[in-house]
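These notes are about the structure you will find just below.
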Amino acid sequence: MAEKKIVAVVGATGAQGGGVVRAILADKGGPFAARAITRKPDSEKARELAKLGAEVVAGDLDDVESLKKAFKGAYGAYCVTNYWEHFSPEREAAQARALAEAARHAGVQHVVWSTLEDTRAWVPLTDTRMPTLMGKYKVPHFDAKGEANRYFTELGVPTTFLLTSFYWDNLIFFGMGPKRGPDGKFAITMPMGDKKLPAIAVEDIGKCAYGVFKKGKEFIGKTVGIAGEHLTGAQMAAALTKALGQEVVYNDVPPDVYRSFGFPGADDLGNMFQFKRDFQKVFCGARDVGFAKSLNPALQTFDAWLAKNKQRIPLE
Ligand SMILES: NC(=O)c1ccc[n+]([C@@H]2O[C@H](COP(=O)([O-])OP(=O)(O)OC[C@H]3O[C@@H](n4cnc5c(N)ncnc54)[C@H](OP(=O)(O)O)[C@@H]3O)[C@@H](O)[C@H]2O)c1
């Protein structure tokens, strides 16, 4: 049997990278081996990945030398940064730059960079529809990733730019599940009006990324977008009602109200939803469900995801 090509996976102990590692390992006869990169090789999550068959290697996005070592000998790399750990677009961009530098240094032949739009291409800072945040961003956790695309391009790293989507898993982990309102009804709150939100089961991001690696050079230098379904808030609420056996309504609020909710990142997420609402054609257009399915034939719909995960959604 030919030797397997190593795919080094950043964020392997997390949602996106974990999905990539599991997708690689599930394809036992497939062409790739998984190398899980983590700051904490002794953590329980890292040990679980080792048990599944991944090679676990230390690496820190804030330390380019550690990434160079972690990428050594790898054919591919799945690269993701975690904005929500530090809320700093500058640090996120620096981490992306370190990834690009390390990939170039190690001669990685295919990077899949988990990115998002630099929304300022559609909403310049002079546009007063939404506030400018941190002095020079509209949607900091999007803009930093989009701006960082250029590091991969400028350094000549063979890269597929993967536009991910909102995870349905946010209903479990990110405080976006149904909440009981003053009228006693459960509601999901998003400032999306009647527009569609492209979203996906996070495990499917990993499977789609695996599909990109399997395609070889086909998507190198290209931007590809994925989603499991495009649904309105009302459609999501109806699906939740059916799955949970409990009425859930869609609470559409103006973006200004969402931005004022006061939790960390509320202004960033308010701008994000407003961007998705006001540029639906661009945003949905960049995330084709049929294309995602071509990369990952097991792509889940929202109903399928709910059937598996409904017990995990907290009703508060
Ligand atoms: N939630 C959504 O709907 C959504 C949608 C699209 C995109 N995103 C983006 O997804 C990103 C987060 O990805 P995720 O959800 O997979 O994260 P996650 O589940 O919270 O896991 C974070 C991962 O990043 C790793 N990590 C963080 N800082 C690191 C560092 N300095 N060095 C090495 N590894 C580091 C962690 O590894 P160790 O702790 O083991 O080192 C962990 O594996 C965010 O940037 C967010 O903007 C989110």
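The values are calculated or read from the model by the stated rules, or taken from the named source; none is laboratory data. From a predicted model like this one, the values you see are computed outputs, not experimental measurements. In this analysis, Cβ positions are derived from the backbone assuming ideal geometry, glycine residues included, and neighbour counts consider all displayed protein chains. For the accessible areas, the whole protein counts, side chains as well, though only heavy atoms, and no ligand, DNA or RNA atoms are used. Shrake-Rupley method; radii C 1.70, N 1.55, O 1.52, S 1.80 Å.
For region 9-44, a tally of residues being of a type outside the set (A, V, I, L, M, F, W, C), open to solvent by less than 20 Å² (accessible area, probe 1.4 Å) and assigned to a loop (DSSP other than H, G, I, E, B) returns 1.
Taking helices (runs of 4 or more DSSP H) as the structural unit, those lying wholly within region 216-316 and holding at least 2 residues that are buried (at least 19 other Cβ atoms within 10 Å of the Cβ) and more than 18 Å from the chain's Cα centre (by Cα) correspond to 233-244, 255-259, 266-278.
Could you tell me whether residue 257 is of a type in the set (Val, Ile, Thr) and touching a Phe, Trp or Tyr at 6+ places or on another chain (Cβ under 9 Å)? The answer is no for residue 257. The residues of region 129-153 that are in contact (Cβ under 8 Å) with a residue 24 or more places away in the chain, open to solvent by 10 Å² or more (accessible area, probe 1.4 Å) and among the charged types (D, E, K, R), listed by number, are 129, 145, 147. Number of residues in region 164-206 that are open to solvent by 30 Å² or more (accessible area, probe 1.4 Å) and either away from the ligand (no atom under 14 Å from the Cβ) or modelled with pLDDT of 95 or more (or both): the value is 12.
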